[in-house]
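Report on the structure given below.
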Amino acid sequence: MALKRINKELIDLGRDPPSSCSAGPIGDNLFQWQATIMGPADSPYSGGVFFLSLTFPTDYPFKPPKVSFTTKIYHPNINANGSICLDILRDQWSPALTISKGSWFPSMPRPPHVTPVSTPLERTPHCALLPSCLPSVDLSIGPLLTDAVLLSICSMLTDPNPDDPLVPEIAHTYKTDRARYEATAREWTRKYAT
């Protein structure tokens, strides 16, 4: 079942890609993907290209994929190992959720050994405004609400959740000295994501 679902998501990625997120398998291994998120323009991550690793478990979609940043990022919900504090990757996961609606963009760097999805690309607003946690979703409503994982991560770059931090020190800076937080996040983006 996992392989069938992953194949379906790969096909869906090529049909309706967003302009800010992309993902694809590494070589022939459909259980191991790399993803790219472009830093949202209205955030201190603007201009950055962030790479992520996605590993699908053999019981996917009943268990969430393991997703982590491979690009260093200064963010209260992402730690130095790239782990992400996002409820849909933990207790709020639902088999109705999918990875995204993206494929590789010609202008976006592609990690080595990643198989591109060849489709014409359609531009859409960056990071559809999705909540970081979606309630149970009726599968009959189609892909709009179910395409959430990468878009939620992208949305988290614009709107961190300092009340559920993975890095309390960064969350404290975010809450008490926003200018310093944004300056540090911009510096890390320039240093590690460009």
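Within the stretch 84-98, does at least one residue satisfy the condition of being at pLDDT 50 or above, acidic (D, E) and outside any strand (DSSP E or B)? Within the stretch 84-98 (the criterion being at pLDDT 50 or above, acidic (D, E) and outside any strand (DSSP E or B)), the answer is yes, since at least one residue qualifies. On the stretch given as the stretch 70-93, residues that are surrounded by fewer than 17 Cβ atoms within 10 Å (Cβ to Cβ) and among the small types (G, A, S) total 2.
The residues in the stretch 168-182 that are among the small types (G, A, S) and either under 19 Å from S83 (Cα atoms) or surrounded by 14 or more Cβ atoms within 10 Å (Cβ to Cβ) (or both) can be counted, and the count is 1. Within the stretch 160-192, count every residue that is under 19 Å from the mean Cα position of the chain (by Cα) and free of Cβ contacts under 8 Å to residues at least 12 places away in the same chain. Number satisfying all stated conditions: 0.
Say we look at the stretch 13-27 and pick out the residues that are on the phi < 0 side of the Ramachandran plot and more than 15 Å from the chain's Cα centre (by Cα); which of these is surrounded by the fewest Cβ atoms within 10 Å (Cβ to Cβ)? Checking each candidate, the answer is R15. Just one of the listed residues (L30, L10, L3) is in contact (Cβ under 8 Å) with a residue 60 or more places away in the chain, of a type in the set (A, V, I, L, M) and either surrounded by fewer than 23 Cβ atoms within 10 Å (Cβ to Cβ) or touching a Pro at 6+ places or on another chain (Cβ under 7 Å) (or both), namely L10. Only residues that are closer than 20 Å to L89 by Cβ and either out of contact with any Pro (no Cβ under 8 Å at 6 or more places or on another chain) or in a loop (DSSP other than H, G, I, E, B) (or both) were counted in the stretch 44-66, giving 14.
The values are calculated or read from the model by the stated rules, or taken from the named source; none is laboratory data. Fair warning: this is a prediction, and the values are worked out from it, not measured in the lab. Neighbour counts run over all protein chains shown; Cβ positions are idealised from the backbone, glycine included.
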